[in-house]
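Chemist: Let me give you the structure first, and then I'll get to my questions.
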Amino acid sequence: MSDRIEKTVELKAPVARVWRALTDYQAFGAWFGVKLDGPFKPGEESTGHITYPGYEHLRWHAVVTVMEPERRFAFTWHPYAIDPEYDYSPETPTLVEFTLEPVGAGTRLVIVESGFDKLPAHRRDKAFRMNESGWAEQGENIAKYLDDAS
Amino acid sequence: MAGGPDAAAMFAALGDPTRLAVVNRLALGEAQSISRLTEGTPLTRQAMTKHLKVLEGVGLLRQIKVGRESRFALDPAPLADLTAYLELVSRQWDDALDRLRNFVEEQP
């Protein structure tokens, strides 16, 4: 039983471009779906608001812990913080780490999110309640993708 | 899960090789007595009892009386909740990574 999520993807883009997509606050915002108030800086809070459709009412809040150029980027945050009325700040955040490695002309990117063992049970309840609307939205995303592709 | 064991306790309960082995053994479906669960391990009956209490405390084990003997059975429901939550967060990362891929691979 693991308390972490790990994802490895190989991207057909050089490390420098992936690094920029992860750590330039505007580039990050473009793919992640968040409008950040300012650049990422190690040891500093990052604030903004989510722009991803359906989640626009949510604030973005993270603390950048590591920025090791073209190698490692990490921040802590509160995962699935989907209730704007709920104060997540007393909870121990999870750690999200991006590790980059050149593979030929491309990049191997590993994402690890760890620390779920500190999460209280009622957070899982909230996540489940939101799950249904999340799925409805996924359906819309697929429909939109198919529209765009045709 | 309201009022149920929290994720921290659940992960702590499973974060021990002996207890994980007990869960694996009981996952086969058959309820087992403390004596049988202790067989083939270096543990004393007392030590095994402590481990079983921890697993029972987070709702993963149930005690069943068979005649005069007490046996332990696995209740996988709390595990399913935990797995479902991690899957939910995991899916969000899959979606985010798809968007990242589009972003970095389609740039000129």
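Readers should treat all values here as calculations from the given coordinates under stated rules, not as data from a laboratory. What you see is a predicted model, and the numbers here were worked out from it, not measured in a lab. Every residue, glycine as well, gets a Cβ built from its backbone with ideal geometry; the counts of neighbours run over all protein chains shown.
Chemist: Rounded, prolate or oblate: which fits the stretch B:66-108, taking a ≥ b ≥ c as square roots of the Cα gyration tensor eigenvalues, rounded meaning a/c under 1.5, else prolate when a/b beats b/c?
Modeler: Prolate, because a/c is 1.5 or more and a/b exceeds b/c.
Chemist: Let me ask something additional. Order by neighbour count: A:Leu22, A:Leu119, B:Leu79, fewest other Cβ atoms within 10 Å first, most last.
Modeler: The most exposed by this proxy come first: B:Leu79, A:Leu22, A:Leu119.
Chemist: When the Kirkwood hydrodynamic radius is evaluated over all pairs of different C-alpha atoms of chain B, what value in angstrom, to one decimal, is obtained?
Modeler: 16.1 Å
Chemist: Can you tell me how much longer the chain between A:Glu44 and A:Asp24 gets when fully stretched, taken as 0.36 nm per residue apart minus their C-alpha distance, in nm with one decimal?
Modeler: Difference between extended and current length: 5.7 nm.
Chemist: What does the charge add up to near A:Val64, with Lys and Arg as +1, Asp and Glu as -1, over the other residues with Cβ less than 14 Å from its Cβ?
Modeler: -4
Chemist: Need one word for the stretch B:22-71: rounded, prolate or oblate. Basis is the Cα gyration tensor (sqrt eigenvalues a ≥ b ≥ c); a/c below 1.5 gives rounded, then a/b vs b/c decides.
Modeler: Taking the square roots of the gyration eigenvalues as a ≥ b ≥ c, the stretch B:22-71 is rounded.
Chemist: Per DSSP H run of at least 4 residues, take -39500 (n - 2.57); add these up for chain B, divide by its residues and hand me the 222 nm value, nearest 500 deg cm²/dmol.
Modeler: Computed ellipticity for chain B at 222 nm equals -19000 deg cm²/dmol.
Chemist: Would you please state which residues of the stretch A:1-42 a label at A:Arg108 would reach in this model, taking the label point 7 Å out along Cα→Cβ and a backbone N cut-off of under 20 Å?
Modeler: Of the residues in the stretch A:1-42, A:5-20, A:22 have backbone N under 20 Å from the label point off A:Arg108.
Chemist: Rank these for me by crowding, B:His51, A:His78, A:His57, going from fewest to most other beta carbons within 10 Å.
Modeler: A:His57, A:His78, B:His51
Chemist: Amide H of A:Tyr88: which non-local residues (sequence gap of 5 or more, or other chain) have their own amide H closer than 5 Å, using H built in the peptide plane?
Modeler: Residues meeting the criterion, in which the H sits 1.01 Å from N, do not exist here.
Chemist: If each residue's Cβ is checked for other Cβ atoms within 10 Å, how do A:Met67, B:Met10, B:Met48 rank with the fewest at the top?
Modeler: A:Met67, B:Met48, B:Met10
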